[in-house]
Amino acid sequence: MSKYPEYCHEKSRAWFDRALKVIPSGIYGHLGPSEGLFLPLEKWPLISSKAKGTYFWDMDGNRYLDLMCAYGPNVLGYGDPDVDRAALEQLMAGNCTTAPSYKMVECAELLTDTVACADWAFFMKNGTDATTFGVLTARAATGRKKTIFLRGYYHGNQPWAMKADYPGILPEEVANNIVVPWFDLPALEAAWDQAGGDVAALIAQPYDHGNFYDNRCASREYWADVREFCTRHGIVLIIDDVRAGFRLDLAGSDHYYGFEADIICFCKALANGYNMSAACGRESLRAAASSLSYTGSYWMSAEPFAACIACINKMKALDTPAMFRRIGTKLTEGLREAGKAHGFDLVVSGEPALFYLRIANDDSLMLHQEWVAECVSRGLFITSHHNHFINAAITDEDIALAIDIGEDAFGVVARRHPELELKG
């Protein structure tokens, strides 16, 4: 018997049905069911009504302990009072104005003081904007065409960063992409040789935190070798820190792994949910960055800059990377033990601040997806295919609740599958 009654989602589903009539897919992309990842669909809240701290509520009034953190932007807690106060004060003073606000300058100064490899900062709105900027700058600086990616990559949804078999993508839009395996230095050299030296950039996440497989952390030795490879061949090394940025190291994930990127891209944790992204780079690339025709109507709006300044300063005061390692480790160890009590082998991979989970009792994701759905329908919002996120509002009581719901869900799944003969 489950001690956490399952939620119902009648009102949320009614709102989603309304959305379907006026929005393609109702909710498109990774926040909705259109990619076929919220299964079974009736277990999931599709529309929210409010959020605070590390919780959000759906339209039926159900509360969820949220370990997805809006897929990363919630780094301090939903509705953080310090960030919201700074943003609202700036909103009252001016936001999107003809002459950009001085807050843009203050924000750039703070980033160049905080991020180890940064001599300058350039602002946009989305992670895709930042990674696109990085590749364009590399092309402008080198006069070369091709970009090296590491297998399992995701660097946004512009055509250059996608795959040839995706709807709407033309083969020529990805013709200059080279994909090599992670942690394979000879493959990098072979790719360089095959390209005839026509490689502008290597773009990579700080470690292999892809979807649908166990994440693999990098080493300082690996990144030192990659850095040497790029320097030797004049390749611009771009680190996509959109997910991991500020969660491993406030000076950048390249700093965490002991090297310096040429360009590093941030978004999710930058301003605690206020809409902005940034790319920071070395002095040697300043002229190339300046040469681009690259901007947007709202890229210099001041409210997010004020939020970013407050967010970064608060992350420094809290030492959030150390906090996230502690919370992530305690949480995942508790979930692993809860699974073991019911005969489940819960594999935890990746960095503790962005942990990835997988039940390894079968060779598919189906058993894991079933457990995830039971967690979600009892108030613990996790996912079956993506790394998770920690925020600074999570308390020890929240950790205990997450482990307890996870244990309850393990019990539900175990009782449903006597044929597995699970033994705790």
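The values are calculated or read from the model by the stated rules, or taken from the named source; none is laboratory data. Please read all numbers here as calculations on a predicted model, not as lab measurements. Note that each Cβ is placed from the backbone with ideal geometry, even for glycine, and that neighbours are counted across all protein chains shown. Note: areas computed on protein heavy atoms with side chains; ligands, DNA, RNA excluded. Shrake-Rupley method; radii C 1.70, N 1.55, O 1.52, S 1.80 Å.
Of all residues in the range 3-24, none are of a type in the set (A, V, I, L, M) and touching a helix residue (DSSP H, G or I) at 6+ places or on another chain (Cβ under 6 Å). In summary, ALA279 fulfils each of the numbered conditions (1) assigned to a helix (DSSP H, G or I); (2) in contact with a helix residue (DSSP H, G or I) (Cβ under 8 Å, 6 or more places away or on another chain) with the single exception of condition (1). With the checklist (1) farther than 29 Å from THR329 by Cα; (2) assigned to a helix (DSSP H, G or I) in hand, flag the one item HIS255 doesn't pass. Failing condition for HIS255: (1). Pick out the one residue from TYR55, TYR4 that is touching a residue at least 40 places away in the same chain (Cβ under 8 Å) and open to solvent by 10 Å² or more (accessible area, probe 1.4 Å). That would be TYR4, the only listed residue that is touching a residue at least 40 places away in the same chain (Cβ under 8 Å) and open to solvent by 10 Å² or more (accessible area, probe 1.4 Å). Tallying residues that are touching a helix residue (DSSP H, G or I) at 6+ places or on another chain (Cβ under 6 Å), farther than 21 Å from CYS217 by Cα and free of Cβ contacts under 8 Å to residues at least 40 places away in the same chain within the range 357-408 yields 1. Restricting the range 313-332 to residues that are open to solvent by 70 Å² or more (accessible area, probe 1.4 Å) and charged (D, E, K, R) leaves a set whose member that is nearest to the chain's Cα centre (by Cα) is ARG325. Within the range 167-176, can one find any residue that is closer than 22 Å to HIS30 by Cβ and open to solvent by less than 70 Å² (accessible area, probe 1.4 Å)? Yes. Just to be sure before I move on: is LEU46 at pLDDT 85 or above, closer than 27 Å to ASP404 by Cα and under 24 Å from the mean Cα position of the chain (by Cα) in the structure I sent? Yes: the conditions hold for LEU46.
The requirement of being in contact (Cβ under 8 Å) with a residue 60 or more places away in the chain, surrounded by 22 or more Cβ atoms within 10 Å (Cβ to Cβ) and farther than 30 Å from SER101 by Cβ is fulfilled nowhere in the range 127-145; no residue meets it. Every listed requirement among (1) crowded, with 18+ Cβ neighbours inside 10 Å; (2) under 15 Å from LEU285 (Cβ atoms) is met by TRP120 save one, (1). Pairs meeting the criteria (first residue in the range 216-243 and under 25 Å from LEU67 (Cβ atoms), second residue open to solvent by 40 Å² or more (accessible area, probe 1.4 Å), beta carbons under 8 Å, at least 6 apart or on different chains) are ARG216/PHE183; ALA218/PHE183; VAL242/LYS268; ARG243/LYS268. Tallying residues that are aromatic (Phe, Trp, Tyr), open to solvent by less than 60 Å² (accessible area, probe 1.4 Å) and assigned to a loop (DSSP other than H, G, I, E, B) within the range 177-215 yields 2. For the range 219-241, name all the residues that are open to solvent by 20 Å² or more (accessible area, probe 1.4 Å) and part of a loop (DSSP other than H, G, I, E, B). Matches in the range 219-241: SER219, GLY234. Just one of the listed residues (THR295, THR332) is in contact (Cβ under 8 Å) with a residue 24 or more places away in the chain, touching a strand residue (DSSP E or B) at 6+ places or on another chain (Cβ under 9 Å) and not small (Gly, Ala, Ser), and it is THR332.
Selection of the range 98-114 for residues being among the hydrophobic types (A, V, I, L, M, F, W, C) and either surrounded by fewer than 17 Cβ atoms within 10 Å (Cβ to Cβ) or over 15 Å from LYS314 (Cα atoms) (or both) yields ALA99, MET104, VAL105, ALA108. Only residues that are open to solvent by 80 Å² or more (accessible area, probe 1.4 Å) and of a type in the set (A, V, I, L, M) were counted in the range 13-38, giving 3. Residues that are under 22 Å from ASP214 (Cβ atoms) and assigned to a loop (DSSP other than H, G, I, E, B) within the range 375-424 comprise ILE382, THR383, SER384, HIS385, HIS386, ASN387, HIS388, PHE389, ILE390, LEU422, listed in sequence order.
Look at the range 7-33: where a residue is closer than 19 Å to PHE381 by Cβ and a partner is at pLDDT below 95 and open to solvent by 100 Å² or more (accessible area, probe 1.4 Å), sitting 6+ places away or on another chain with Cβ atoms under 7 Å, you get HIS9/GLU42. The set of residues in the range 242-289 that are open to solvent by 30 Å² or more (accessible area, probe 1.4 Å), of a type in the set (Gly, Ala, Ser) and either more than 25 Å from GLY143 (Cα to Cα) or in contact with a Lys or Arg (Cβ under 8 Å, 6 or more places away or on another chain) (or both) comprises GLY258, GLY273.
On the stretch given as the range 393-424, residues that are farther than 30 Å from CYS311 by Cβ and either of a type in the set (Asp, Glu) or open to solvent by 60 Å² or more (accessible area, probe 1.4 Å) (or both) total 11. Are any of the residues in the range 275-283 acidic (Asp, Glu), more than 18 Å from the chain's Cα centre (by Cα) and within 22 Å of VAL83 (Cβ to Cβ)? Looking through the range 275-283, none of the residues is acidic (Asp, Glu), more than 18 Å from the chain's Cα centre (by Cα) and within 22 Å of VAL83 (Cβ to Cβ).
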